[in-house]
Structures are given as structure tokens and as C-alpha cells.
1. Of the listed peptides 51-58, 17-24, 62-69, what is their order by residue-averaged count of other C-beta atoms within 10 Å, with the highest listed first?
2. Looking at the calculated P(r) for the stretch 12-77, what percent of the C-alpha pair distances fall above 18 Å?
3. Using a simple spin-label model with points 7 Å from Cα along the Cα→Cβ vector, what separation in nm is obtained for T50 and E80?
4. Can you tell me the length gained on complete extension of the stretch R42 to V66, counting 0.36 nm per residue apart and subtracting the Cα distance?
5. Relative to the longest principal axis of the chain, what angle (0 to 90°, nearest 10) does the C-alpha long axis of helix 12-22 take?
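Bear in mind these aren't lab numbers, they're just calculated from the coordinates by the rules spelled out. Treat the numbers as computed from the prediction; the structure is a model and nothing was measured. Counting neighbours? That spans all protein chains shown, and the Cβs are built from the backbone with ideal geometry, glycine included.
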Amino acid sequence: MATSLHRPRITSEQRRALELLASCPHGIGAEVLVHSHSFSSRMLAGLIQTGLATVERRVIVPVEVVRLRITAMGRRAIGE
């Protein structure tokens, strides 16, 4: 299936989250996004489900670290 090159429609909150992810090349912790930047887990999950961001999970016993990164589609959504 071909990937669409159009710019996805996003809310201002989604744009703010994607711009923050774009400024962090190694990703940023999900907990930081929720607790420090007041993004909802539901909105972040939506970015992942629509392909605008990706998630990487690492378990470093006994701690699980979840980082989100912006995708190429997410960059298109914010006009980068």
C-alpha cells in the first residue's frame, strides 16, 4: 500500500507534542510528556496509532522506559 504524502490534519495540542518530539532526536520519555508537558496519554496514543509518532519500549530491570519519537509523517504534519 502506498504511503500518502499529504499533510495530516492535527490539533494544536498534537502539533505542540510533535514539535517537541521533533526537537528531541533520541525521543523523549512518555512520562515526561504526560507529567511535565501535560499531554494526555490518549492523545499520545492517537499520534502513535495514526503513524505520526512511534514508540520504543526498553526494560532495564526493574524499570521500563518508554520513549516516543516523531515519524516522517509527523514531520510532514507540522510542515518540516
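1. 17-24, 51-58, 62-69
2. Of all Cα-Cα distances in the stretch 12-77, 28 percent exceed 18 Å.
3. 1.7
4. 7.1 nm
5. For helix 12-22, the angle is close to 70 degrees.
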